[in-house]
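Trainee: Let me give you the structure first, and then I'll get to my questions.
Bear in mind these aren't lab numbers, they're just calculated from the coordinates by the rules spelled out. Since the model is a prediction, treat every value here as computed from it, not as a measurement. Because the Cβ atoms are built from the backbone with ideal geometry, glycine has one as well, and the counts that use them run over all protein chains shown.
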Amino acid sequence: MNTKAPPFVEAMRERWQRQVIADHPRLQPNYARVAMAISWHLNRDTGDAWPSIATLAQQTRLSERTVKRAVACLRAGGTCSRPFARPHVEPRQAYTQR
């Protein structure tokens, strides 16, 4: 089974990751790990990601509290936003590329 994403998806993820670094030149390493994990969930059609805080914590091996702080930092810097909540998937977060 091939789990590698198509090249255009990889390019989209890389563009978003580079934008995170450009927006936050002094980003804490743990926050960068969270940003990387968010990028793994980017939808190739919409550019949105909907991972839960728990999922991000599990994937990064960080506490949920640290993940929440990282997400708040990324939102404050304009790297991602939460445009709306989807009631059927709460308490997941929406992350939209800018």
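Trainee: Mind checking the full-extension length gain between ARG65 and PHE8? Use 0.36 nm per residue of separation minus the Cα-Cα distance, one decimal, nm.
Mentor: Extending this stretch completely gives an extra 17.2 nm.
Trainee: Relative contact order of segment 33-86: what whole-number percent is it, with Cα pairs under 8 angstrom and at least 6 residues apart?
Mentor: Across segment 33-86, relative contact order equals 30 percent.
Trainee: If Lys and Arg each add +1 and Asp and Glu each add -1, what is the summed charge of the other residues whose beta carbon sits under 12 Å from the beta carbon of ALA70?
Mentor: Result for the local shell: +4.
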